[in-house]
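Some notes on the structure that comes next.
Values quoted throughout were computed directly from the atomic coordinates according to the rules given, and no laboratory measurement underlies them. This structure is a prediction, so every number in the text was calculated from the model and none was measured. Positions of Cβ are generated from backbone atoms using ideal geometry, with glycine treated the same way; all protein chains shown enter the neighbour counts.
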Amino acid sequence: MVGNLSDSGLALLKGPAHRAARRRWKRTADVLSKWSGAASQADPKEAARALGRLLKRVANHDEPGFDGLAAMAMYHRGNALSNGALRDEAIAAYDELSDRFDGSDDNLLQVIITLALFNKAVDLGKLGRTQEAIDTYDQVLQRTDSSIDPILLNQAAMSLLNKGVALGELNRPQEESATYQALINRFGDATRIEFQRTVARAQVFQGVVLGQLRGLNEELHAYDRVIDRLEGTADVELNTTLAMALIKKGIVLGWMGHTDAEMAQFERVVQRFGAETTIELQTQVAMALLCKADSLHSVERMDDAIHVYDEIIRRFHATSDPSLGRWVDLARESRAQALANTSS
């Protein structure tokens, strides 16, 4: 986005009278570019301090083009504070940005404000201020209602998804399901991969809610829609969602007493993704194997269950990833319990 500012900000600083301002603008943009990228992730608190100093430098510039720099500095300072887990301060930074520029008719400034509002909503959610997060997602949705800008449309899709999750946290399942459906209706036919990813996740989340509201058959149908939609995709994130849908379908089939069909879903995940090297898909494979082993354990097929627990440990014991390691730890615990049951 700093590149966009280069195009728009420098375009306003034409002619000899603005030569010095152009040099100041470029120096400021270079600093902003440095602290809005990887450096912000690596050292968020230092990034927040550096961007705060940058804001003081551009606060009183009255030359054209500097408002965009100030807005970007506020936005990225908020991001840095959030990355440093200083969420209240991040929210204050986003509010300062919105208060200062919300009346502007500059389209780029309005885009930055919308991005800031989305990030504010995420931080509110992480602070447990769930209703405030929902209200802020609604602000994003209102601002993007008629947009055709891909960046803003992505914010709208993610706002609907996150709003649905937040409604679920407040135990409002009918509103939660309706929010996912609004997302599916609006973006279900979109061809851009980021929208496909968000829609697929919404379908899985909606499946869980439909199980609560309408019963297990409706939940199964929801997962089947996801599976049909994603079968054959090469995208890692979509395949991760596909694996989630298969696992959830297997769990529901188990609840319904269809043990063979349950096992078949878990085995589909292992066969389809067992050779994948990404942590996301390895985690889904480990989860599918653990679900399979636990199901075998529950019907007292202890030797078979122990064999699958051993497979999880063999496959993933050397991982350094905490999320994947968690499934290995659970496999070890369950294996010990199965052995105890066998010997008793």
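Working only within the range 131-169, note down all residues that are more than 16 Å from the chain's Cα centre (by Cα) and among the aromatic types (Phe, Trp, Tyr).
Across the range 131-169, there are no qualifying residues.
Among the residues of the range 237-248, is there at least one that is without any contact (Cβ under 8 Å) to a residue 40 or more places away in the chain, of a type in the set (Lys, Arg) and buried (at least 16 other Cβ atoms within 10 Å of the Cβ)? So that I can check it myself, show each step before the final result.
Going residue by residue through the range 237-248, those that are without any contact (Cβ under 8 Å) to a residue 40 or more places away in the chain are none.
There is no residue in the range 237-248 that is without any contact (Cβ under 8 Å) to a residue 40 or more places away in the chain, of a type in the set (Lys, Arg) and buried (at least 16 other Cβ atoms within 10 Å of the Cβ).
Quick check on my filter: what residues within the range 296-344 are surrounded by fewer than 19 Cβ atoms within 10 Å (Cβ to Cβ), more than 33 Å from the chain's Cα centre (by Cα) and in a helix (DSSP H, G or I)?
Passing the criteria: Ser298, Met302, Asp303, Asp304, His307, Ala336, Gln337, Leu339, Ala340, Asn341, Thr342, Ser343.
Are any of the residues in the range 263-285 over 20 Å from Met302 (Cα atoms), touching a Phe, Trp or Tyr at 6+ places or on another chain (Cβ under 6 Å) and of a type in the set (Val, Ile, Thr)?
So far as the range 263-285 goes, yes, one or more of its residues are over 20 Å from Met302 (Cα atoms), touching a Phe, Trp or Tyr at 6+ places or on another chain (Cβ under 6 Å) and of a type in the set (Val, Ile, Thr).
Give the residues of the range 180-224 that are farther than 25 Å from Asn239 by Cβ and within 19 Å of the chain's Cα centre (by Cα), sorted by residue number.
Ala182
Within the bounds of the range 256-263, is there any residue that is in contact with a Lys or Arg (Cβ under 8 Å, 6 or more places away or on another chain), β-branched (Val, Ile, Thr) and either crowded, with 18+ Cβ neighbours inside 10 Å or over 18 Å from Gln282 (Cβ atoms) (or both)?
Residues of the range 256-263 in contact with a Lys or Arg (Cβ under 8 Å, 6 or more places away or on another chain): 263.
Still in the running and β-branched (Val, Ile, Thr): none.
Scanning the range 256-263 turns up no residue that is in contact with a Lys or Arg (Cβ under 8 Å, 6 or more places away or on another chain), β-branched (Val, Ile, Thr) and either crowded, with 18+ Cβ neighbours inside 10 Å or over 18 Å from Gln282 (Cβ atoms) (or both).
Here's the yes/no breakdown for (1) more than 25 Å from Lys163 (Cβ to Cβ); (2) touching a strand residue (DSSP E or B) at 6+ places or on another chain (Cβ under 7 Å); (3) not β-branched (Val, Ile, Thr):
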| site | (1), (2), (3) |
| --- | --- |
| Gly188 | no, no, yes |
| Val204 | no, no, no |
| Val209 | no, no, no |
| Gln212 | no, no, yes |
| Thr233 | yes, no, no |
| Asn239 | yes, no, yes |
| Lys249 | yes, no, yes |
| Met263 | yes, no, yes |
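Name the residue, out of Asp145, Asp138, Asp88, Asp106, that is within 22 Å of Asp67 (Cβ to Cβ) and of a type in the set (Asp, Glu).
Being within 22 Å of Asp67 (Cβ to Cβ) and of a type in the set (Asp, Glu) holds for just one of Asp145, Asp138, Asp88, Asp106, which is Asp106.
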